[in-house]
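The values are calculated or read from the model by the stated rules, or taken from the named source; none is laboratory data. No experiment lies behind these values; they were computed from the predicted model shown. Heads up, the Cβs are rebuilt from the backbone with ideal geometry, glycines too, and the neighbour counts pull from every protein chain shown. Side chains included, ligands, DNA and RNA excluded: accessible areas come from the protein's heavy atoms. Shrake-Rupley method; radii C 1.70, N 1.55, O 1.52, S 1.80 Å.
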Amino acid sequence: MSNYQSAIEAVRAIKAKAGDSWGAINPESVARMRAQNQFKTGLDIAQYTADIMRADMEAFDADNTKYTQSLGCWHGFVGQQKLISIKKHFGSTKRRYLYLSGWMVAALRSEFGPLPDQSMHEKTAVASLVEELYTFLRQADARELGLLFGELDKAVAADDQAKVKELQDAIDNYETHVVPIIADIDAGFGNAEATYLMAKQMIEAGACALQIENQVADEKQCGHQDGKVTVPHADFHAKIRALRHAFLELGIDNGIIVARTDSEGAGLTKEIAVVKEPGDEGDIYNSYLDVEEIDVSEMNEGDVVINRGGKLVRPKRLPSGLYQFREGTGHERCVFDCIGALNAGADLLWIETAVPTVHEIKGMMDDVRKVHPNAKLVYNNSPSFNWTLNFRQQAYDAWVEEGKDVSAYDRNDLMNAKYDDSELSAEADERTRTFQADTSREANVFHHLITLPTYHTTALSVDNLAKEYFGEAGMLGYVKNVQRQEIRQGIACVKHQNMSGSDIGDAHKEYFAGENALKAGGAKNTSNQFS
């Protein structure tokens with residue numbers, strides 16, 4: 001007996017105990033509704049997805065070609081359509097996740113309107129988006145299973161037993177759209193207690209993986225902007241432990257913590273670290289400060305000085321009160337941050353870099369892996385990089401080093417469209433195509449994400465539609481470039497009533513009211529034009 005049939009029998013037994021008042025309850029309808037609602041709570045989702053992610057991490061340790069990927073999504077519908085597309089094109093969601101970008105929450109989800117990525121949005125907005133994403137993914141399951149149930153009814157009516165078995169197998173082995181979400185908790189939105197409370201909300205909403213960065217919470221900047229201020233390791237590690245306590249309290253014992261360091265581009269700190277003994281983390285953190293050796297007689301009123309190896313040194317302090325690090329220490333500080341974060345209980349690392357280059361990422365990870373051989377990286381394939389320019393310049397520089405003739409190219413003008421069909425452009429594009437595989441192989445990058453791709457795709461598609469629809473093309477601008485393409489490419493949303501749950505509602509009406517049900521999907525439904 002198939003799992004689906006077993007579920008029907010189980011409900012039938014419950015109905016039999018209830019007596020005659022349940023006579024109109026159809027066990028098959030209940031079994032279908034249960035199948036369409038696999039996850040009852042956000043914690044069910046968090047546990048299910050944590051198990052998936054841990055298994056993927058183990059598989060990557062054995063074979064680093066099995067890296068994972070995600071795209072940032074700013075709305076539940078966008079995340080839903082992404083997973084529907086993945087299942088359509090690849091047959092499985094395996095090793096494909098969702099990324100929840102704090103940047104997009106700030107820019108698109110705040111009640112204040114568009115905000116910069118500086119932790120200015122409402123604290124609860126991230127947890128709300130996690131819940132929204134999973135609501136839409138669960139609805140995608142209900143919709144797709146509903147279509148399978150409809151096909152099963154047709155096969156039963158036609159007495160096509162082979163088709164019935166095929167469909168029952170598809171229902172029994174159904175792969176959910178629910179996948180892991182790596183959720184951005186910024187710098188923790190306050191102190192360690194605030195971080196813990198926010199983490200609990202996000203986990204209860206379904207997040208199995210939380211990404212936290214080592215910036216000062218109230219000075220937080222986007223990772224690709226200037227003015228970033230980091231915190232001493234004791235502060236950051238307390239927040240890592242706050243995340244772990246939140247996971248453990250809620251029973252997600254294998255929850256994932258992604259520790260991000262912004263030190264490569266952060267030249268400032270708000271605090272001088274506490275040193276308990278020479279060579280400890282605080283002492284190492286302070287060793288990167290830009291200082292000048294002075295005598296007591298040279299001290300000014302209000303100066304802050306520290307003892308370094310028996311010598312008095314004065315850290316260089318800005319008018320803002322912030323202290324600056326020495327130029328050129330970013331690489332060392334990133335490595336130091338990563339090793340410390342793993343020692344403090346983080347599971348994965350995230351290093352923000354200025355440009356996407358395999359050798360720079362590999363160089364830092366090689367140093368980290370001297371201490372933690374299995375250290376794995378989450379890497380931001382950020383839209384803040386000009387990928388075309390960066391990789392054309394990398395290809396140009398490689399040609400120069402090889403002694404190849406580059407006289408046809410101007411390195412300072414490589415974004416020029418005249419180079420789009422050139423040999424150099426082709427090599428740059430190939431480097432871009434293989435970048436994820438190359439960095440996973442060379443630098444142990446477990447997860448590749450693009451933080452805000454759907455922000456850009458939305459802007460691009462709306463721009464193209466506006467140009468056509470409000471121009472001479474008129475309605476053809478929509479029909480030719482949107483609806484016709486949806487039909488040709490099999491985009492499920494062409495039947496937008498079905499996508500919004502109309503057919504699920506019709507099924508429920510029939511469950512609840514039987515032949516008295518007033519259904520929307522009849523002969524006069526214009527969606528039938530897309531059958």
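Percentage of Cα-Cα pair distances in the stretch 106-209 greater than 16 Å, rounded to whole percent? Of the Cα pairs, 67 percent sit more than 16 Å apart.
Between 0 and 90 degrees, the angle of helix 358-369 with respect to the longest Cα principal axis of the chain falls at about 80 degrees.
For the stretch 1-82, relative contact order (Cα pairs under 8 Å, six or more residues apart, normalised by length) works out to 18 percent. Expressed per residue, the C-alpha convex hull volume of the stretch 381-531 stands at 193 Å³. Taking all protein chains into account, the per residue accessible area for the chain stands at 49 Å² (1.4 Å probe). Summarised in one figure, the compactness ratio Rg/Rh of the stretch 338-388, Cα atoms and Kirkwood Rh, is 1.01. Check the straight Cα-Cα distances from K495 and name the lysines below 26 Å, setting aside those fewer than 8 residues away within the same chain. Excluding near neighbours in sequence, the set is K82, K87, K88, K154, K163, K467, K480, K509, K519, K524. Mean silhouette area of the stretch 1-83, derived from the convex hull of its C-alpha atoms and averaged over all directions, reads 9.1 nm².
Converting the Cα gyration tensor eigenvalues of the stretch 344-422 into ellipsoid dimensions via √(5λ) gives semi-axes, longest first, of 33, 15, 7 Å. What the Kirkwood sum gives for the stretch 452-523 is a hydrodynamic radius of 14.8 Å, with every pair of different alpha carbons counted. With q set to 0.11, 0.19, 0.21 Å⁻¹, the log10 of I(q)/I(0) for the stretch 1-149, from the Debye formula over equal scatterers at the Cα positions, is -0.61, -1.20, -1.31.
Rounded to the nearest 10 degrees, the angle from helix 161-172 to the longest Cα principal axis of the chain is 30 degrees. Helix 387-402 and the longest principal axis of the C-alpha atoms of the chain enclose an angle of approximately 50°.
Here the dipole of the stretch 125-185 is about 80 debye; that uses its Cα centre as origin and unit charges on the Cβ of Lys and Arg (positive) and Asp and Glu (negative). Rolling a 1.4 Å probe over the protein heavy atoms of the stretch 1-69, with every protein chain left in place, gives an accessible area that is 52 percent carbon and sulfur. Here the stretch 159-276 is assigned +1 on the Cβ of each Lys and Arg and -1 on the Cβ of each Asp and Glu. Its dipole about the Cα centre then comes out at about 620 debye. The relative contact order of the chain comes to 15 percent, based on Cα pairs under 8 Å that sit 6 or more residues apart. Using C-alpha pairs below 8 Å separated by at least 6 residues, the relative contact order for the stretch 319-408 is 27 percent.
In this simple spin-label model, placing a label point 7 Å from the Cα along the Cα-to-Cβ direction at both V274 and K316 gives a separation of 2.9 nm. Annotation: peptides 331-342, 156-167, ranked by per-residue average of other Cβ atoms within 10 Å with the highest first, follow the order 331-342, 156-167. The portion of the accessible surface of the stretch 267-339 made up by carbon and sulfur, rounded to a whole percent, is 48 (1.4 Å probe; DNA, RNA and ligands excluded). Taking amide H as placed 1.01 Å from N in the peptide plane, T68 has its amide H under 5 Å from the amide H of H447, H448, each at least 5 places away in sequence or on another chain. Gain on full extension, evaluated as 0.36 nm per residue between S128 and K519 minus their Cα-Cα distance, stands at 137.5 nm. Shape class for the stretch 263-320: oblate, because the ratio a/c of the largest to smallest gyration tensor axis (alpha-carbon atoms, square roots of eigenvalues) is 1.5 or more and b/c is at least a/b. About the centre of its Cα atoms, the stretch 25-163 shows a dipole size close to 180 debye [charges on the beta carbon of Lys, Arg (+1) and Asp, Glu (-1) only; nearest 20 debye]. Looking at the chain, send over the antiparallel percent of its DSSP beta bridges, to the nearest 5. So the antiparallel bridges amount to about 25 percent of the total. Both numbers refer to the Cα atoms of the chain; Rg and Dmax are 27.7, 99 Å.
Using the rule -39500 (n - 2.57) for each DSSP H run of four or more residues, divided by the residues of the chain, the 222 nm mean residue ellipticity is -15000 deg cm²/dmol.
Length gained on full extension, R433 to V371: 19.2 nm, using 0.36 nm per residue less the C-alpha separation.
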